[in-house]
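Each remark here refers to the structure printed beneath this line.
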Amino acid sequence: MLSIRQATPSDAPAISVLLQDLTRRFIAPDCSSEGAALLLQSMSESAIAGYIQQANFDYLLGELDGELVAVVATRDNSHLYHLFVASHCQGRGYATRLFAEAKKRCLQRANTAIFTVNSSLYAQPLYQRLGFVAVGGQRNTQGIRDVPMQLLLTSQ
């Protein structure tokens with residue numbers, strides 16, 4: 001059974017490995033080489049440790065028998081910054097569970113009516129299942145392709 005806990009800076013190495021591996025496999029192929037490098041740099045161990053220590057970020061981890069298999073991060077109680085599930089655990093509802101917990105925590109801290117996410121092309125169907133809708137077309141910013149999406153809580 002998936003257990004969910006708060007991340008600490010000491011989790012940054014494992015988070016970085018998971019995020020970078022999944023990014024190389026599922027996101028980088030849709031980006032330019034420069035864009036992929038920027039994304040991977042933003043997921044480095046030092047970058048993740050820095051985010052975890054910032055008051056406006058909240059990282060939760062999903063673990064199976066002590067193994068990190070999922071990560072969710074929110075910024076400013078309204079932006080879904082990371083939502084990653086290990087390849088061998090996808091399709092089990094872990095992303096849905098992690099996002100539900102992260103959303104609950106955000107709502108407890110702030111009066112948030114809208115959640116936003118910059119979805120990778122790969123993850124767009126997942127976010128649609130979570131209730132997000134595209135608010136613009138596909139973008140290409142610094143070689144990183146994404147789709148801006150939002151979730152209006154008043155419609156939930």
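The values are calculated or read from the model by the stated rules, or taken from the named source; none is laboratory data. Worth saying up front: this structure is predicted, and the values here are computed from it rather than measured. In this analysis, Cβ positions are derived from the backbone assuming ideal geometry, glycine residues included, and neighbour counts consider all displayed protein chains.
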Margin query: List the residue pairs whose Cβ atoms are under 6 Å apart, where the first residue sits in region 54-80 and is over 14 Å from residue 6 (Cβ atoms), the second is surrounded by 20 or more Cβ atoms within 10 Å (Cβ to Cβ) and of a type in the set (Gly, Ala, Ser), and the two are 6 or more positions apart or on different chains.
Written below: 69/62
Margin query: Out of everything in region 4-28 that is among the small types (Gly, Ala, Ser) and in a helix (DSSP H, G or I), what residue ends up being surrounded by the fewest Cβ atoms within 10 Å (Cβ to Cβ)?
Written below: 10
Next item on the list: Within region 92-113, track down each residue that is at pLDDT 95 or above and in a loop (DSSP other than H, G, I, E, B).
Entry: 92, 93
Next item on the list: Among the residues of region 96-114, write down those that are over 11 Å from residue 83 (Cβ atoms) and among the hydrophobic types (A, V, I, L, M, F, W, C).
Entry: 100, 106, 107, 110, 113, 114
Next item on the list: Using the structure shown, decide if residue 86 is farther than 20 Å from residue 51 by Cα, surrounded by fewer than 20 Cβ atoms within 10 Å (Cβ to Cβ) and aliphatic (A, V, I, L, M).
Entry: yes
Next item on the list: Considering every residue within region 111-122, establish whether at least one is under 26 Å from residue 64 (Cβ atoms) and either surrounded by fewer than 18 Cβ atoms within 10 Å (Cβ to Cβ) or among the aliphatic types (A, V, I, L, M) (or both).
Entry: yes
Checklist line | Some residue of region 83-104 being of a type in the set (Ser, Thr, Tyr), touching a Ser or Thr at 6+ places or on another chain (Cβ under 9 Å) and farther than 20 Å from residue 142 by Cβ | finding: no
Check: Do you know which residues across region 40-83 are surrounded by 20 or more Cβ atoms within 10 Å (Cβ to Cβ) and farther than 20 Å from residue 115 by Cα?
Finding: 43, 48, 62, 69
